[in-house]
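Single-structure report; data block below.
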Amino acid sequence: MEYKFYGWENATVPAVSSEYNGIKTPRELYDALSVCWCRETCAARMRMDWTEENKTLGQCSITAFLVQDIFGGKVYGIPLENGNIHCYNDVDGHVFDLTSEQFGDKVLNYTDNPEQSREKHFAKDDKKERYELLKSRLKRTIKTALFTDHG
């Protein structure tokens, strides 16, 4: 598969959690999430603009914290012009952003950004529920893939 997300070439860190059996690298997670991201997991303020062609739109924080669950590391946030924060991951110096494609050709600055708190993000609107939905969709996708591969 051809990857276009920021840092894809550095997304080679191993999983530190076995909760998501079958996901061994961030690239494998991206492949699985490409099936899981949906309008319901998109931030409410962006749902009207979400499309199958732009699946990563509005998925950044819930995806970044899911990456952290599986691979460890830290979540950082890029302050955007509209006052929002765009989240990405740094795992042992491997910086990558599974949802960067939502910005098209716009280049973001992935240096010197503030670390993000799960507690602060999940205190907002429906973010915790969207995160739980994405987790459950991922587990179902992995289970289906494993069953298909071995069954």
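Just name the residue that is surrounded by the fewest Cβ atoms within 10 Å (Cβ to Cβ) out of those in segment 52-62 that are farther than 17 Å from residue 114 by Cα and in contact with a Ser or Thr (Cβ under 6 Å, 6 or more places away or on another chain). Among those residues, the one meeting the criterion is 56.
Residues are listed down the side, and each one gets a yes or a no for (1) touching a residue at least 24 places away in the same chain (Cβ under 8 Å); (2) buried (at least 16 other Cβ atoms within 10 Å of the Cβ); (3) not charged (D, E, K, R):
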residue	(1), (2), (3)
65	yes, yes, yes
73	yes, yes, yes
78	yes, yes, yes
89	yes, yes, yes
94	yes, yes, yes
97	yes, yes, no
101	yes, yes, no
107	no, no, yes
112	no, no, no
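If we scan segment 74-87, do we find a residue that is more than 25 Å from residue 44 (Cβ to Cβ) and within 15 Å of the chain's Cα centre (by Cα)? Within segment 74-87, one or more residues are more than 25 Å from residue 44 (Cβ to Cβ) and within 15 Å of the chain's Cα centre (by Cα).
Pairs meeting the criteria (first residue in segment 35-46 and within 8 Å of residue 137 (Cβ to Cβ), second residue of a type in the set (Lys, Arg) and at pLDDT 95 or above, beta carbons under 7 Å, at least 6 apart or on different chains) are 36/137; 41/130.
Applying the selection to segment 99-142, what residues are in contact with a helix residue (DSSP H, G or I) (Cβ under 8 Å, 6 or more places away or on another chain) and assigned to a loop (DSSP other than H, G, I, E, B)? The answer is 99, 108, 116, 125, 126. Would you confirm whether any residue within segment 114-136 is modelled with pLDDT of 95 or more, closer than 19 Å to residue 6 by Cα and among the acidic types (Asp, Glu)? Yes, the conditions are met somewhere in segment 114-136. Every test in (1) β-branched (Val, Ile, Thr); (2) touching a strand residue (DSSP E or B) at 6+ places or on another chain (Cβ under 9 Å); (3) touching a residue at least 12 places away in the same chain (Cβ under 8 Å) is passed by residue 142 save one, and that test is (2). For segment 1-38, the candidate set comprises residues that are part of a helix (DSSP H, G or I) and in contact with a Gly (Cβ under 9 Å, 6 or more places away or on another chain); within that set, the residue that is surrounded by the fewest Cβ atoms within 10 Å (Cβ to Cβ) is 10.
The values are calculated or read from the model by the stated rules, or taken from the named source; none is laboratory data. Remember, predicted model here, so these are calculated numbers, not experimental data. When we count neighbours, we look across all protein chains shown, and the Cβ atoms used for this are built from the backbone with ideal geometry, even at glycine.
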